[in-house]
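Below is one structure, written out as C-alpha cells; the observations come after it.
The values are calculated or read from the model by the stated rules, or taken from the named source; none is laboratory data. Just so you know, these numbers come straight off a predicted model, no measurement behind them. No Cβ is skipped: glycine too gets one built from the backbone with ideal geometry, and neighbour counts run over all protein chains shown. For accessibility, only protein heavy atoms count, side chains too; no ligands or nucleic acids. Shrake-Rupley method; radii C 1.70, N 1.55, O 1.52, S 1.80 Å.
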Amino acid sequence: MTKKKLGELLILFLCGGTAYILIEYLFRGHSHPSMFLLGGVVFVEIGGLNEFCRCNMSLLLQGLIGSFIITVSELAVGLLLNVWLKLNVWDYSHMPLNFLGQICLPFSIAWIFVAIAAVLFDDFLRHLMFGEDYPHYKLFLSHCD
C-alpha cells in the first residue's frame, strides 16, 4: 500500500470516527472515546466495499453488508469493553431480540440506513478530497463486470 493511499485511509478513518461521535452526541447526548475508533474502522470498511469488490453493489446491498459489519464489530467491541472490562459504554438489554445486551435486531436494522449514509459520505469525501469519480448509484440492482 502506498503512502498516499495510507494517508487517504487515515483521513477517511478520522472523518468516520468524528461523524460517529457526532451521531452519538446527537442521539444519545454523550459518547465514549472508543466509539471514535470503532466508527473510524467501520467507516473505512464500509466505504471500501465498492473499492475492493469487482461488483457495482446496489446501495441496499452495501447497506445490508454495512449493517453486518457494524453489528459484528459492535458485538466484538461490546464484549471487550462492556462485558469483560465493565466500562458500560452501551447496554441493549432492554431492547427486543438482543444478544448479551451488546447487539439487537432494531439497531441492526437502523445500521442499514447508517451504512448507506456512510457509503454516500465516503464517496463524497473521496470525490471532494482525492478527486475520485463520483459513482452512479442503483438502489436495488447490483451488477458485476
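The helices (runs of 4 or more DSSP H) located wholly in region 5-86 that include 1 or more residues which are in contact with a helix residue (DSSP H, G or I) (Cβ under 7 Å, 6 or more places away or on another chain), closer than 17 Å to D123 by Cβ and modelled with pLDDT of 95 or more occupy 33-47, 59-78.
Of all residues in region 1-24, none that is over 13 Å from G40 (Cα atoms) and of a type in the set (V, I, T) has its Cβ atom under 9 Å from the Cβ atom of a residue that is assigned to a helix (DSSP H, G or I) and open to solvent by 70 Å² or more (accessible area, probe 1.4 Å), 6 or more apart or on another chain.
Candidates F99, F68, F140: the one that is among the aromatic types (F, W, Y) and either in contact with an Asp or Glu (Cβ under 9 Å, 6 or more places away or on another chain) or within 21 Å of G17 (Cβ to Cβ) (or both) is F68. When D133 is tested against (1) part of a loop (DSSP other than H, G, I, E, B); (2) in contact with a helix residue (DSSP H, G or I) (Cβ under 6 Å, 6 or more places away or on another chain), just one condition goes unmet, and that condition is (2). Counting only residues that are over 18 Å from S67 (Cβ atoms) and surrounded by 15 or more Cβ atoms within 10 Å (Cβ to Cβ), region 91-122 holds 1 of them.
Inside region 1-34, can you point out the residues that are under 23 Å from G78 (Cβ atoms) and either open to solvent by less than 50 Å² (accessible area, probe 1.4 Å) or hydroxyl-bearing (S, T, Y) (or both)? The answer is F13, G16, G17, T18, A19, Y20, I21, E24, Y25, S31, S34.
Looking only at region 123-138, count every residue that is in contact (Cβ under 8 Å) with a residue 12 or more places away in the chain, among the aliphatic types (A, V, I, L, M) and open to solvent by 50 Å² or more (accessible area, probe 1.4 Å) and tell me the total.
The total comes to 1.
Under the condition of being touching a Phe, Trp or Tyr at 6+ places or on another chain (Cβ under 6 Å) and aromatic (F, W, Y), the residues counted in region 72-105 number 0.
In this structure, is L85 over 11 Å from the mean Cα position of the chain (by Cα), buried (at least 17 other Cβ atoms within 10 Å of the Cβ) and over 14 Å from W111 (Cβ atoms)? Spell out the reasoning first.
On the way: over 11 Å from the mean Cα position of the chain (by Cα): yes; buried (at least 17 other Cβ atoms within 10 Å of the Cβ): no; over 14 Å from W111 (Cβ atoms): yes.
So L85 does not fit the description; no.
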